[in-house]
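Each remark here refers to the structure printed beneath this line.
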Amino acid sequence: MDKKGEPACVNDVFLQRLKNTSIEKEVSLELAQFNLELNSLVFKLTGNVLQNLKKEFERLWLACSTIAQELNCKLLMIGCLPSLQEEHLKLRNMSPMTRYAALNEQVLRSRKGRAIDLDIQGRETLKSIHQDVMLESAATSFQLHLEMPFSRAVRFYNAAIILSAPMVPVTANSPLLFSKALCCETRIPVFEQAVSVGGFDGAVFGPIYP
C-alpha cells in the first residue's frame, strides 16, 4: 500500500528489484498489481516445524519490506484491504501475465459474457457488478499446503473440514469491503461469488443480520 494506505500497483516493479537476490524465486505476482505472493521453503511436519516456518516468513518479510520502502510503499498482510474501492479492481490494474489475461478470458467465456454479480447481505448490504475477474483479488489469504499419502487423503480432508469451523472465527480479519461493514470474514462470500463455486443455499451471500 502507498503512504495514504491505498493499494499501490507496483508489484511488477517490485519483482524487478528482486532479480538476482536470494528470494527472487520465492516471490511472485498475484492477480492484481497491488498483491504479491510469498512462498516459503518446504518443511517436514516434525520437530520445530512451526517455529522454522515462522523464521522463514520473517526472513522473507524483512527482505520484501526493505524493497517496499525503496518504492515508498509498505507491505500489509491482510485479507481485504479496508481502503480498497471498486475503481481499484479494473483490468488496467491486472498483473501483466498471460495466465491472468487467459483466466479472465476463459471465465467470461464460460459464463457466456454474463457479468459477475456481487451480493453480500451483512451488517450493511453490498451489491456490485463486475465485468472481469478482478473481484477475486479483493480476497487474499495465508495458505498451508500439506502433502500426504493418497491412502490418507480422505481422513486429512475430513479433518480439515471439521477444523474450518473454529478456524474461521479465530482468524477473521476482513469485515470491510468497498467502505461497507459486512461480515466478520467477508472473504468467504467474496471468493465464492467471484469464482461462482455455489455452495449451500444462500451461503454465498453471507450472514443476514436482524
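The values are calculated or read from the model by the stated rules, or taken from the named source; none is laboratory data. Please read these numbers as outputs of a predicted model, since none were measured by experiment. For neighbour counting, all protein chains shown are included, and Cβ atoms are generated from backbone atoms with ideal geometry for every residue, glycine included.
Each residue in the stretch 145-185 was checked for being farther than 30 Å from Glu6 by Cβ and part of a helix (DSSP H, G or I), and 17 pass.
Return the only residue of Leu45, Leu71, Leu41 being at negative phi and either in the same structural domain as Met134 (by TED's automatic domain parsing) or modelled with pLDDT of 95 or more (or both).
Leu71
Checked against (1) among the β-branched types (Val, Ile, Thr); (2) at pLDDT 95 or above; (3) touching a helix residue (DSSP H, G or I) at 6+ places or on another chain (Cβ under 7 Å), Ile23 passes all but condition (2).
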